[in-house]
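What follows is a set of notes on a single structure, which appears directly below.
The values are calculated or read from the model by the stated rules, or taken from the named source; none is laboratory data. It should be emphasised that the depicted structure is a prediction, and the values quoted were computed from it without experimental measurement. Quick reminder, even Gly has a Cβ in these numbers, built from the backbone with ideal geometry, and neighbours come from all protein chains shown.
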Amino acid sequence: MKMPVFVVTGFLDAGKTTFLTEILQEEGFSEEDKTLLILCEEGEMEYDEKSLAAMDIDIVTVDSREDFTPQFLEDCAKFYRPECIFIEYNGMWKVEELLNMPLPKNWFINQIVTVVDGSTFDVYINNMRSLMMDIFSRSEMVIFNRCDPDMPLNSYRRSIKAVNRRAQVIFENENGEMIPLEIDEMPFDLNADVIEIEDEDFGLWYIDAMDNKEKYDGKTVQFTGRAFKGKDFPDGYFVPGRHAMTCCADDIRFIGFVCKTKHGDEIKNNRWIKVTATVKYEYFPAYHGEGPVLYLKRAVSAAKPEDELVYFN
């Protein structure tokens with residue numbers, strides 16, 4: 001029998017305990033599965049252990065990172081015999097270490113959720129950007145609580161999408177009510193015969209095109225990018241893209257969409273080109289699913305942008 005492990009991470013007092021309490025107390029949640037809750041830190045909020053025990057939910061606390069070991073998890077599996085596991089993970093611990101850790105037999109990481117205090121996000125992102133982006137890159141869901149509609153929520157969302165295009169990003173106000181996000185109007189004409197993407201807008205377009213098939217499917221776009229031809233790419237495919245700073249100067253990566261062409265031999269690797277292409281959404285192995293695939297109409301040599309790096313603000 002497979003035993004799902006749900007990981008909820010985030011920095012101290014981000015709201016992890018409140019989030020988990022709401023989930024665990026949902027009607028019918030624990031009627032069938034014996035549940036184990038592993039706490040890797042203690043914040044201001046505390047669990048009602050008596051109420052959880054009545055729902056057949058056991059709680060165990062880890063005092064330090066050194067104690068959170070494969071053997072500790074094995075001991076938990078044998079003693080508590082859970083059928084479902086929740087881990088309130090310490091935001092200062094790298095998620096990668098958990099993902100690389102051997103788990104007890106039949107345990108598997110089912111979902112990673114990151115909880116963020118929207119009122120302190122700017123402080124953390126300015127001082128601990130690399131650590132935060134590492135967490136975001138491995139999360140299936142990111143929940144911003146304690147938000148105000150006047151906050152730059154679109155900018156926050158782009159920060160997440162820059163490192164994890166598949167993450168679901170949710171914003172909630174002080175009362176826990178979801179804030180509907182009005183996506184920023186794009187700085188280019190979506191109704192033009194050819195949508196011209198300026199150099200400084202490449203990052204905005206990249207994020208928007210990943211999430212909004214209805215805007216771009218069948219449209220023609222034009223932008224300047226550097227041609228990248230991967231060794232594992234099928235013949236006739238390359239990626240015109242840009243290097244982007246996703247979290248800090250030490251974390252710069254190449255971003256772009258797969259492009260199909262009948263003139264692959266004419267595309268020189270690492271050369272700057274102005275691309276005119278039609279956007280279609282279809283399966284491609286590198287996406288692990290459906291994503292934007294460009295069908296090249298024209299490519300000409302181009303000068304590199306004044307600023308070669310892409311930003312997402």
With respect to the numbered conditions (1) surrounded by 20 or more Cβ atoms within 10 Å (Cβ to Cβ); (2) touching a Leu at 6+ places or on another chain (Cβ under 8 Å); (3) among the β-branched types (Val, Ile, Thr), which one is the sole condition not fulfilled by VAL163? (2)
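Kindly indicate which of LEU39, LEU99 is farther than 30 Å from ARG158 by Cα, among the aliphatic types (A, V, I, L, M) and within 28 Å of the chain's Cα centre (by Cα). Give the derivation first.
Numbers: LEU99 fails: farther than 30 Å from ARG158 by Cα.
Result of the check over LEU39, LEU99: LEU39.
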Residue in region 150-157 that is part of a strand (DSSP E or B), touching a strand residue (DSSP E or B) at 6+ places or on another chain (Cβ under 6 Å), buried (at least 18 other Cβ atoms within 10 Å of the Cβ) and among the hydrophobic types (A, V, I, L, M, F, W, C) present: no
Just to verify a result, which residue in region 206-248, among those that are without any contact (Cβ under 8 Å) to a residue 60 or more places away in the chain and in contact with an Asp or Glu (Cβ under 9 Å, 6 or more places away or on another chain), is farthest from ARG158 (Cα to Cα)? GLN222
Evaluate the following for ARG253: is it closer than 30 Å to LEU131 by Cα, in a strand (DSSP E or B), touching a residue at least 12 places away in the same chain (Cβ under 8 Å) and among the charged types (D, E, K, R)? no
Quick one: in region 114-146, of everything that is surrounded by 17 or more Cβ atoms within 10 Å (Cβ to Cβ), over 13 Å from the mean Cα position of the chain (by Cα) and not hydrophobic (A, V, I, L, M, F, W, C), which residue is farthest from CYS84 (Cα to Cα)? TYR124
Boolean, ARG226 is of a type in the set (Lys, Arg), modelled with pLDDT of 90 or more, crowded, with 19+ Cβ neighbours inside 10 Å and touching a helix residue (DSSP H, G or I) at 6+ places or on another chain (Cβ under 8 Å): no
Within region 163-209, residues β-branched (Val, Ile, Thr), assigned to a loop (DSSP other than H, G, I, E, B) and over 20 Å from ARG242 (Cβ atoms) come out as ILE179, ILE183
How many residues does region 285-307 contain that are at pLDDT below 90 and in contact with a strand residue (DSSP E or B) (Cβ under 9 Å, 6 or more places away or on another chain)? 3
Need pairs with beta-carbon distance below 7 Å; first residue within 17 Å of VAL8 (Cβ to Cβ) and within region 114-125, second polar (S, T, N, Q); sequence gap 6+ or separate chains. THR114/THR9; THR114/SER139; VAL115/ASN145; ASP117/ASN145; GLY118/ASN145
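Every residue, every condition in (1) in contact with a strand residue (DSSP E or B) (Cβ under 7 Å, 6 or more places away or on another chain); (2) hydrophobic (A, V, I, L, M, F, W, C); (3) buried (at least 17 other Cβ atoms within 10 Å of the Cβ), yes or no:
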position: PHE6; (1), (2), (3): yes, yes, yes
position: GLY15; (1), (2), (3): yes, no, yes
position: ILE23; (1), (2), (3): no, yes, no
position: THR35; (1), (2), (3): yes, no, yes
position: LYS50; (1), (2), (3): no, no, no
position: THR61; (1), (2), (3): yes, no, no
position: ASP67; (1), (2), (3): no, no, no
position: PHE86; (1), (2), (3): yes, yes, yes
Just to be sure I understand, how many residues within region 88-113 are closer than 18 Å to SER139 by Cβ and either in contact (Cβ under 8 Å) with a residue 12 or more places away in the chain or surrounded by 15 or more Cβ atoms within 10 Å (Cβ to Cβ) (or both)? 18
